[in-house]
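The values are calculated or read from the model by the stated rules, or taken from the named source; none is laboratory data. Nothing here was measured: the structure is a model prediction, and the numbers come from that model. When we count neighbours, we look across all protein chains shown, and the Cβ atoms used for this are built from the backbone with ideal geometry, even at glycine.
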Amino acid sequence: MTSLKPRAQWRWLTAIAAASTVLLASGCSAAAPDSSGPQVLNVAASAGITTWDPIASFSTEALYMGNFYEPLLWANPADSDEPFTPALAESWETSEDGLSWTFTIREGVTFHDGEALNAAAVKGSLDAAAERAGASFIWAPLDNIETPDEFTVVINLAYPAPVDLIAASTYGAWIVSPAALEAAAEDDTYFESGIEAGTGPYSLKSYTPGSEVVLEKFDGYWNDERASYYDIVDVAITPDAVTAQQMLNAGEVDLSTAIPLETVADLVDDPDFTVADYNSPFSFLAMFNTTRAPLDNVTVRQALSYAIPYDDIITVGGQGYGTQSHGPVPRGIFPFSEDVPQYEYDLEKAADLLAQAGHEGGGFTLNLSYASENLSEARFVTLIKDSFAKVGVEVNIKAELFNQQWETAKADPATAQDIFVLYYWPTYSDAGSDNMWSLFHSSEKPFFNLSYWNNADYDALVDEAGSLTGTDKDAAAATYQDAMDILYDEAPAAFLYDVRAVSVVPTGLEVRGFNENYPFTTFFNFIRPVA
Amino acid sequence: MTYPLLPVVPSLTPVNERFTGLRHLGRVLSRDWLAAFGLVLVVLVLVLAVFGKWIAPHPEEGAGLANIPNRNLAPGAAHWFGTDELGRDVLSRVIIGAGPALSVALFVVVAAATIGIVLGAIAGYRGGWFDTVIMRITEFFQSFPPLLLAMITVALLGAGPVNVGIALAIAWWPWYARIVRAEAASLRDRSFVEAARAMGVPTWRILYRHILRNSTTPILVQATVDIGTVVLWVGSLAFIGLGAQPPSPDWGLMVQEGRGVILNRWWISTFPGLAIFVTVLGFNLIGDALRDILDPRQTKR
């Protein structure tokens, strides 16, 4: 059975380093509320701008985009009562076969450039996203979009898919002013001088490439619940986390979007800060090359899964901010399930299994590759080497820039690495159609399925679950869990840990609305001084 | 009054300068405390490089074995230089790191000098088209920033200490070639060389006895200073991820590993950084002193 499932075409490379940094952190000197003049928040952010085009955007500028633009729906954190918060759509419903989704568009919303929001604007944005977005593959199931009246949009699909989740994506789902889209169709560099045309709580006041982004509160913002406190947010683009930390210490900025994860431990007991951790869509896994000996033997793969020191890896790689994975789906992301079994660290069991597989005392060597720009991986791969050595398995570690590591892995499984350490996250919050499909579904040419694994039962379950996701999430989740049980038994990969996102907020500031569905975005409208 | 019959080699070739040089050394060291200090540093690093395995308090941690319960300990009685993110004793890491640092540096200098001396001597002695070609090649190499050239080479060959050695040797040989070539070209037409040629001394012998021996001084000075510089560059390449890979005890890599926490746990980066500093300083001081001893043209400080 062939599948039309979308696949990530391109991954955000710079974000790979994000595993080692805190997603939101703040300095000791929160801007003292000053009743005279505009309220200004000074921020150091690591994220640069690769494009201001909200359709093309598929990189670090996501940090800002969610302040300027809004989608039809916001996906809510895992523990919320409702899975979604209506944004530019007031309500929505799906047909029984899951092939037709009808959205009622909010009335009375204006874009920052004065255009009015209506069904045509939504259709224009989504059509553009499906056609040319960096993440256009998320709209692969789309057949056509109809606008039966001024405020109704009907999205028709070629095969069932969870349009609610897709419409809530961080990439390729922003609703953009039709006037700006028209201008961009004429001139594809239209946005690049620093133009935005969204409906969000902030507008873009000025942009100095490589150094500064200034956001200004949008007075005509429609949603009081997401209204911003600060009139001006002045962001200094600061790629280096140590520099950002120095700026915080010197009081030059009130907030930094990234400080080294290693420093969090020192702030936990500091009364000036509140440290909290949240779910994130990020996880680490070690994919075994199942095409050749000795890892083509399932018993060897199980043995090695027992020989991985999961707790130490979390301690070293995530500074303790992580939880051992239950399969390839990160905690908090659909279809995560705690019922998926895990391997525990048990060297005796590992040695027994190796002996059973005919490798008494190990005696073979494996090549492990990891992405050298990922600081967490750089630290913890050593632990895998140390631990495997204890069961007689030697590991050669090879560090390569991610792109190089990935190219080698895709080229030819027969000569590729034995173990591929991968940092992965779904493009939108459906790890079924992304992680489970992309990482383990068979394909003619390897892409992200870098175990080169081929299991017909698994493929069938994942395909079935994928078509259920839009109509019956519970049934889909149950089917995905059956598929993950196969992953546990067959062990095509060792599932290392799900990353916990950390936020460090000074006592003077309040930050609400942390959301694992938008891990790259800092919502400045949710930041205010403590009353 | 006898007239010298065979004034074949006038005193233009101070062949035995090395011996006067050695005698010199004691005097220079006693006078020049900086040179003495440099010698102490270099000897210290050499001792660590050779006997590190026995000196380091935790040699297995030095080589890279993690010890998670000991993570991030500040310098103290148990761990003089503290411990790093993986709980490894930083002092042991620094000590064990001396060996690889010096061996790569030695390899680079020896390889670069060998290539440079051979090509430079032939180019200078023969002249003509060979000289032109070699000199244009050296100019080509020298017009690149050497570290950039090394980075490109490593990127092509793949990261790792061996490739770093090859890359740096490739980036470095033109300097030696030019030094030797200059000497060879200036000596080529001197009467003692012509005389040797006339007497049928084979070319390789002329090159060795007359050309090379006269280039010893600048080569030796250059090589000594270069060892320090190469240590620095190997560290730089490792720092940007192109050199040794974790868990190797490479000084540059260790600086990089601790960089993110430099404000909170300064010791992880600082001590390997100091090790690089000490090594470079030591070799530079010795290089300066050698120049003073060996080069009669240079005025004394």
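Any chance the stretch B:278-289 includes a residue that's closer than 16 Å to B:ARG93 by Cα, in a helix (DSSP H, G or I) and more than 14 Å from chain A (Cβ to nearest Cβ)? Yes: the stretch B:278-289 contains one or more residues that are closer than 16 Å to B:ARG93 by Cα, in a helix (DSSP H, G or I) and more than 14 Å from chain A (Cβ to nearest Cβ). For the stretch A:136-147, the count of residues that are acidic (Asp, Glu), in the same structural domain as A:THR60 (by TED's automatic domain parsing), modelled with pLDDT of 95 or more and in contact with a helix residue (DSSP H, G or I) (Cβ under 9 Å, 6 or more places away or on another chain) is at least one. Among the criteria (1) in contact (Cβ under 8 Å) with a residue 24 or more places away in the chain; (2) within 14 Å of another protein chain (Cβ to nearest Cβ), the one B:ASN70 does not fulfil is (1). Scanning the stretch A:187-232 for residues being of a type outside the set (A, V, I, L, M, F, W, C) and in a loop (DSSP other than H, G, I, E, B) gives a total of 20.
Among the residues of the stretch A:73-107, those that are more than 13 Å from A:ASN515 (Cβ to Cβ), crowded, with 19+ Cβ neighbours inside 10 Å and in contact with a Lys or Arg (Cβ under 9 Å, 6 or more places away or on another chain) comprise A:LEU88, A:ALA89.
Checking each residue in the stretch B:233-275 for being hydrophobic (A, V, I, L, M, F, W, C), within 14 Å of chain A (Cβ to nearest Cβ) and in contact with a Pro (Cβ under 7 Å, 6 or more places away or on another chain) picks out B:ALA244, B:LEU253, B:MET254, B:VAL255, B:VAL261, B:TRP267.
Would you confirm whether or not the stretch A:233-241 contains a residue that is surrounded by fewer than 20 Cβ atoms within 10 Å (Cβ to Cβ), within 14 Å of chain B (Cβ to nearest Cβ) and assigned to a loop (DSSP other than H, G, I, E, B)? So that I can check it myself, show each step before the final result.
Quick first cut of the stretch A:233-241, residues surrounded by fewer than 20 Cβ atoms within 10 Å (Cβ to Cβ) only: A:234, A:236, A:239-240.
Now drop any that are not within 14 Å of chain B (Cβ to nearest Cβ), which leaves A:239-240.
Those still in the list that are assigned to a loop (DSSP other than H, G, I, E, B) too: A:239-240.
There is at least one residue in the stretch A:233-241 that is surrounded by fewer than 20 Cβ atoms within 10 Å (Cβ to Cβ), within 14 Å of chain B (Cβ to nearest Cβ) and assigned to a loop (DSSP other than H, G, I, E, B).
Residues in the stretch A:242-264 that are polar (S, T, N, Q) and in a loop (DSSP other than H, G, I, E, B): A:THR257 alone.
As a summary of the residue check, A:LEU126 satisfies the conditions (1) in contact (Cβ under 8 Å) with a residue 60 or more places away in the chain; (2) crowded, with 20+ Cβ neighbours inside 10 Å except for the one numbered (1). Looking across the stretch A:505-520, the residues that are surrounded by fewer than 19 Cβ atoms within 10 Å (Cβ to Cβ) and either part of a loop (DSSP other than H, G, I, E, B) or under 19 Å from the mean Cα position of the chain (by Cα) (or both) come down to A:THR507, A:GLY508, A:ARG512, A:GLY513.
Per the conditions (1) in contact (Cβ under 8 Å) with a residue 60 or more places away in the chain; (2) outside any loop (DSSP other than H, G, I, E, B); (3) more than 30 Å from A:THR522 (Cβ to Cβ), the sole criterion not satisfied by A:PRO294 is (2). Kindly list the number of the only condition in (1) away from chain B (no Cβ under 14 Å); (2) part of a helix (DSSP H, G or I); (3) among the small types (Gly, Ala, Ser) that fails for A:ALA378. Failed condition: (1).
Can B:ALA244 be described as within 14 Å of B:ARG93 (Cα to Cα), surrounded by 19 or more Cβ atoms within 10 Å (Cβ to Cβ) and at pLDDT below 90?
Numbers: within 14 Å of B:ARG93 (Cα to Cα): yes; surrounded by 19 or more Cβ atoms within 10 Å (Cβ to Cβ): yes; at pLDDT below 90: yes.
Yes: the conditions hold for B:ALA244.
Screening B:GLY82 against (1) on the phi < 0 side of the Ramachandran plot; (2) surrounded by 22 or more Cβ atoms within 10 Å (Cβ to Cβ); (3) among the small types (Gly, Ala, Ser) leaves a single unmet condition, (1).
Quick check on this structure: which one of B:LEU73, B:LEU91 is under 28 Å from A:VAL264 (Cα atoms) and in a helix (DSSP H, G or I)?
Going through B:LEU73, B:LEU91 in turn, just one is under 28 Å from A:VAL264 (Cα atoms) and in a helix (DSSP H, G or I): B:LEU91.
Scanning the stretch A:272-304 for residues that are of a type in the set (S, T, N, Q) and in contact with a strand residue (DSSP E or B) (Cβ under 6 Å, 6 or more places away or on another chain), which turns out farthest from the other protein chains (Cβ to nearest Cβ)? Within the stretch A:272-304, the match that is farthest from the other protein chains (Cβ to nearest Cβ) is A:SER283.
Scan the stretch A:396-424 residue by residue and report those that are part of a strand (DSSP E or B) and away from chain B (no Cβ under 11 Å). Show your work before the answer.
Our first condition is that a residue be part of a strand (DSSP E or B); within the stretch A:396-424, this holds for A:396-400, A:419-424.
Within the stretch A:396-424, A:ILE419, A:PHE420, A:VAL421, A:LEU422, A:TYR423, A:TYR424 qualify.
Give me the residue from the stretch B:50-67 that is in contact with a strand residue (DSSP E or B) (Cβ under 9 Å, 6 or more places away or on another chain) and buried (at least 19 other Cβ atoms within 10 Å of the Cβ) and, out of that set, farthest from the other protein chains (Cβ to nearest Cβ). Step by step, filter the stretch B:50-67, then rank; the result is B:ALA56. For A:THR427, the conditions (1) buried (at least 20 other Cβ atoms within 10 Å of the Cβ); (2) within 14 Å of chain B (Cβ to nearest Cβ) are fulfilled apart from (2).
Taking the criterion of being surrounded by fewer than 17 Cβ atoms within 10 Å (Cβ to Cβ) and more than 14 Å from chain B (Cβ to nearest Cβ), the residues of the stretch A:242-271 that qualify are A:GLY251, A:GLU252, A:PRO271. Scanning the stretch A:194-213 for residues that are more than 25 Å from the chain's Cα centre (by Cα) and surrounded by 16 or more Cβ atoms within 10 Å (Cβ to Cβ) gives A:ILE195, A:TYR207.
Among the residues of the stretch A:265-280, the ones that are in contact with a Gly (Cβ under 9 Å, 6 or more places away or on another chain) and assigned to a helix (DSSP H, G or I) come to 1 in all.
Of the residues that make up the stretch A:203-226, is at least one of a type outside the set (Asp, Glu) and within 14 Å of chain B (Cβ to nearest Cβ)? Spell out the reasoning first.
First, pick out the residues of the stretch A:203-226 that are of a type outside the set (Asp, Glu): A:203-211, A:213-215, A:217-218, A:220-223, A:226.
Now narrow it down to the ones that are within 14 Å of chain B (Cβ to nearest Cβ): none.
The answer is no, given that none of the residues of the stretch A:203-226 is of a type outside the set (Asp, Glu) and within 14 Å of chain B (Cβ to nearest Cβ).
Taking the criterion of being touching a residue at least 60 places away in the same chain (Cβ under 8 Å) and away from chain B (no Cβ under 14 Å), the residues of the stretch A:382-395 that qualify are A:VAL391, A:VAL393.
Working only within the stretch A:311-329, note down all residues that are within 14 Å of another protein chain (Cβ to nearest Cβ) and not hydroxyl-bearing (Ser, Thr, Tyr). Once the filter is applied, which keeps residues that are within 14 Å of another protein chain (Cβ to nearest Cβ) and not hydroxyl-bearing (Ser, Thr, Tyr), the stretch A:311-329 yields A:ASP311, A:ASP312, A:ILE313, A:ILE314, A:VAL316, A:GLY317, A:GLY318, A:GLN319, A:GLY320. Checking the structure you have, find out if any residue of the stretch A:368-381 is in contact with a Pro (Cβ under 6 Å, 6 or more places away or on another chain), without any contact (Cβ under 8 Å) to a residue 40 or more places away in the chain and crowded, with 20+ Cβ neighbours inside 10 Å. Looking for residues that are in contact with a Pro (Cβ under 6 Å, 6 or more places away or on another chain), without any contact (Cβ under 8 Å) to a residue 40 or more places away in the chain and crowded, with 20+ Cβ neighbours inside 10 Å, one finds at least one in the stretch A:368-381, hence yes.
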